[in-house]
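**Q** Right, I'll just put the structure down here and ask away after.
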Amino acid sequence: MDERAYWIAFNRVPGIGPARLTALLEMCGDIAAAWKAPIQALQAAGLDRRSIENLLTARQQLDPGAELDKVIRRGYGVVCWNDGDYPVNLSRVPQPPPVLFVRGQLEEKDELAVAVVGTRQVSSYGREVARELGTGLARHGVTVVSGLALGVDAVAHEAAVEAGGRTIAVLGSSVDQIYPARNRKLALKVIEQGALVSEYPLGTKPEASNFPPRNRIISGLSLAVIVVEAGKRSGALITASFAAEQARDVFAVPGSILSRGSDGCNRLIQDGAFPVTSVEDLLEQLQLGNTVAHREARVTVPASPEEEIVLQHISTEPQHMNEIVRAAPLATSEVCSLLAMMELKGLVRQVGLMQYVRAR
């Protein structure tokens, strides 16, 4: 059976998130064995009684193959931890979501991505700034990530689409439950020029508890987060907080001290966020000013003999750096340096903690 079926099935088991699934994989070896593991193995992996009961119930009620067929029949994609197509940026955050459901297409170029987020009650000032940022980023080849919400999110997505760029919308519902309904037409445009992404199983409604985890994915997919306009309690500040935890740069658009809608942004700047006043400032700070040339260089620069040696020991299946070091007749420090350079050139991709695959 296609392994994705078991990943999807686990995604429906309450109480088994990234940490417990990691423990199961370490105990059982692979996702299929983890799904079929006996109670003794589940206990040895550290699962508590409730999680074990939930898994046993799910085994009785779910057909993993049928769950996968349901997704495929609807034309949706599934990306799992062990896939070479799993988003590089997201793979580098602690405990990323094991499964992503996708409508549209995730691409390698989405590694160069910036999140643009903010309030739903956007002012005319915030609207114009979001439009300018979304347009400028898209024109420089940077993927715009946001949450498809009304206000700043929608403006940023629309600007990227109109500029002919790529954009990714992360949902607080499943990909077949587009929310808010007013943005359904926009969602279809996003699918054409990017992707709708969600960690939630098909049929999941937009509930308040879903949005903080969704914000964590928005920041995780991105190199940086820009908060355009936000009040003191805006959900965009949650995204900024996650970005800081994930060692991502946080930018904020300064606003009037008389505007309550800018309270959050001004506070972020006081706390150390970079004030952003133009796309050029942002790109310079992120060293993305020549994105297109950078991509071309990654493709055209030939590998050295040493890089070719390392590349011979890397496949499309994730391999830990220690395995590569043991296989390649080179010093450990040299392999580490070569892998870092090869990743910049686009020859290899890091898909997990010190796990590498050959780039497609």
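Each reported figure results from applying straightforward, stated rules to the coordinates on display, with no laboratory input. The structure presented is a predicted model; accordingly, all values stated were derived computationally and were not measured. With ideal geometry, Cβ positions are generated from the backbone for all residues, glycine too; neighbour counts draw on all protein chains shown.
**Q** How large is the Kirkwood hydrodynamic radius of the range 108-290, counting all unique pairs of alpha carbons, in Å?
**A** Numbers: mean 1/r = 0.0636 Å⁻¹.
After inverting the pairwise mean of 1/r, the radius is 15.7 Å.
**Q** Now for a separate question. Using the basic label-point model (7 angstrom from Cα toward the beta carbon), what is the E162 to R59 distance in nanometres?
**A** 5.5 nm
**Q** Calculate for the chain the 222 nm mean residue ellipticity that helices alone would give, adding -39,500 (n - 2.57) per DSSP H run of length 4 or more and normalising by residue count, nearest 500 deg cm²/dmol.
**A** It lands at -13500 deg cm²/dmol.
**Q** Please give the FRET efficiency for R182 paired with R92, using the beta carbon to beta carbon distance and R0 = 56 Å, rounded to the nearest 0.05.
**A** Values: r = 34 Å, r/R0 = 0.60.
The value I calculate is 0.95.
**Q** Roughly what would the spin-label model give for K345 and R233, points 7 Å off Cα along C-beta, in nm?
**A** So the two model labels end up 5.4 nm from each other.
**Q** Next up: Taking 1 over the mean of 1/r across every pair of different Cα atoms in the chain, what Kirkwood radius in Å do you get?
**A** Final number for the Kirkwood radius of the chain is 21.5 Å.
**Q** Please pull out the direction-averaged projected area of the range 151-199, using the convex hull of its alpha-carbon atoms, in nm² to one decimal place.
**A** 3.0 nm²
**Q** Could you work out the pair-distance distribution P(r) of the range 60-209 from its alpha-carbon pairs, with 5 angstrom bin width and percents rounded to whole numbers?
**A** P(r) over the range 60-209, rounded to whole percents: 2, 10, 19, 22, 20, 15, 8, 3, 1, 1, 0.
**Q** What number, in nm² with one decimal, is the all-direction average of the projected area of the convex hull of the alpha-carbon atoms of the range 235-283?
**A** Projected area, direction-averaged: 3.5 nm².
**Q** Here is a further query. Hey, what's the Cα Rg ratio for the range 301-358 versus the globular rule of thumb, 2.2 N^0.38 Å? Write out the running numbers ahead of the final one.
**A** Working: Rg = 9.9 Å, N = 58, 2.2 N^0.38 = 10.3 Å.
Cα Rg divided by the expected 2.2 N^0.38 Å: 0.96.
**Q** Another one. Using Stokes-Einstein with the Kirkwood hydrodynamic radius over Cα pairs, what translational diffusion coefficient do you get for the range 1-73 at 4 °C and a viscosity of 1.567 mPa s, in µm²/s rounded to a whole number?
**A** It diffuses with D of about 107 µm²/s by this estimate.
**Q** Here's a follow-up. Within the range 107-127, find all residues whose amide N lies under 19 Å from a label point positioned 7 Å from the Cα of S256 along Cα-to-beta-carbon.
**A** 119-127
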